[in-house]
Amino acid sequence: IMLRQQMAEFHGETPSTQSKISLALPRSHCPHCQQTIRVRDNIPLLSWLMLKGRCRDCQAKISKRYPLVELLTALAFLLASLVWPESGWGLAVMILSAWLIAASIIDLDNQWLPDVFTQGVLWTGLIAAWAQQSPLTLQDAVTGVLVGFITFYSLRWIAGIVLRKEALGMGDVLLFAALGGWVGPLSLPNVALIASCCGLIYAVITKRGSTTLPFGPCLSLGGIATLYLQALF
């Protein structure tokens, strides 16, 4: 729902159109024929396989992105439950994974990180620390957020002066700061290092060295990888 609202805003849809979007309405529907998707056709992964990747009504192809995202989310939830079984922190990491997957998809498509997702990452981490479900104290979590924001905002400001153009989006700054509330200030360099390596690999593979690089997915991978490294080592 939040993803649809943010995309509507991004594409300039009117408030009256957005106001029709809620937790209940509109129901999932085919983007081609607008037919409402039946309950039996809306089961994650299984329905796409049973329908052979096509709409039951108009036979239009259903993007492979849907089952891939569902599979990725399921694997993220499974991994969190295995590493942190019967733990409030494991549940928090599941929620974080959902935030980051949705944010990464939007950033890959539009090079834009909506505030609703960066704020979701921020407040979920701080609430987990406040509820004593996080390995961090609330003080450490808040410190991580502040250090992350100051570091990346300073980098953004300096790069803007040197390169005379925006080298780091504000959404990336906010996401890095929010991840600081999950990994703590001392592990933020690990997040930045892993994210930078992922960004370099992505740039080489896609040959986008001279164009804008969506850094949100790289930061997301860096944050998640750091959390699991902290847990395992």
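Of the residues TRP84, TRP130, TRP123, TRP89, which is in contact with a Pro (Cβ under 8 Å, 6 or more places away or on another chain) and aromatic (Phe, Trp, Tyr)?
Details: TRP84 fails: in contact with a Pro (Cβ under 8 Å, 6 or more places away or on another chain); TRP130 fails: in contact with a Pro (Cβ under 8 Å, 6 or more places away or on another chain); TRP123 fails: in contact with a Pro (Cβ under 8 Å, 6 or more places away or on another chain).
One residue alone meets the criteria, TRP89.
Looking only at segment 162-220, count every residue that is at pLDDT 95 or above, more than 19 Å from the chain's Cα centre (by Cα) and exposed (fewer than 14 other Cβ atoms within 10 Å of the Cβ) and tell me the total.
So the answer is 2.
Could you list all residues from segment 55-80 that are surrounded by 13 or more Cβ atoms within 10 Å (Cβ to Cβ) and charged (D, E, K, R)?
If the condition is that a residue be surrounded by 13 or more Cβ atoms within 10 Å (Cβ to Cβ) and charged (D, E, K, R), then ARG56, ASP57, GLU70 are the ones that fit.
Would it be correct to say that LEU108 is under 21 Å from PHE215 (Cα atoms), in a loop (DSSP other than H, G, I, E, B), in the same structural domain as PRO185 (by TED's automatic domain parsing) and touching a residue at least 60 places away in the same chain (Cβ under 8 Å)? Steps first, answer last, please.
Details: under 21 Å from PHE215 (Cα atoms): yes; in a loop (DSSP other than H, G, I, E, B): no; in the same structural domain as PRO185 (by TED's automatic domain parsing): yes; touching a residue at least 60 places away in the same chain (Cβ under 8 Å): yes.
No.
As an exercise: evaluate SER97 against (1) at pLDDT 90 or above; (2) in a loop (DSSP other than H, G, I, E, B); (3) within 30 Å of ASP172 (Cα to Cα) and give the number of the one condition it does not meet.
Exception for SER97: condition (2).
Quick one: which of SER47, SER81 is touching a helix residue (DSSP H, G or I) at 6+ places or on another chain (Cβ under 8 Å) and without any contact (Cβ under 8 Å) to a residue 12 or more places away in the chain?
Details: SER81 fails: without any contact (Cβ under 8 Å) to a residue 12 or more places away in the chain.
Step by step, each of SER47, SER81 is checked, and only SER47 is touching a helix residue (DSSP H, G or I) at 6+ places or on another chain (Cβ under 8 Å) and without any contact (Cβ under 8 Å) to a residue 12 or more places away in the chain.
Hey, which of the helices (runs of 4 or more DSSP H) in segment 1-74, taking only ones fully inside, have at least 3 residues that are outside the structural domain of LEU108 (by TED's automatic domain parsing), among the hydrophobic types (A, V, I, L, M, F, W, C) and at pLDDT below 50?
Values: elements: 2-10, 15-18, 46-50.
Qualifying helices (runs of 4 or more DSSP H): 2-10.
Let me confirm something: among LEU219, LEU174, LEU186, LEU227, which residue is under 20 Å from ALA129 (Cβ atoms), in contact with a Ser or Thr (Cβ under 8 Å, 6 or more places away or on another chain) and in the same structural domain as ASP115 (by TED's automatic domain parsing)?
Answer to the check: LEU174.
Could you please give the count of residues in segment 171-221 that are of a type in the set (D, E, K, R) and assigned to a helix (DSSP H, G or I)?
First, pick out the residues of segment 171-221 that are of a type in the set (D, E, K, R): 172, 207-208.
Still in the list and also assigned to a helix (DSSP H, G or I): 172.
Count: 1.
Restricting attention to segment 111-139, which residues are assigned to a helix (DSSP H, G or I) and surrounded by fewer than 18 Cβ atoms within 10 Å (Cβ to Cβ)? Reasoning before the result, please.
First pass over segment 111-139, keeping only residues assigned to a helix (DSSP H, G or I): 115-130, 138-139.
If the condition is that a residue be assigned to a helix (DSSP H, G or I) and surrounded by fewer than 18 Cβ atoms within 10 Å (Cβ to Cβ), then ASP115, VAL116, GLN119, TRP123, ILE127, TRP130, LEU138, GLN139 are the ones that fit.
The values are calculated or read from the model by the stated rules, or taken from the named source; none is laboratory data. Computed from a prediction, not measured in an experiment: that's the story for all the values here. Here the Cβ is made from the backbone with ideal geometry for all residues, glycine too, and neighbour counts use every protein chain on show.
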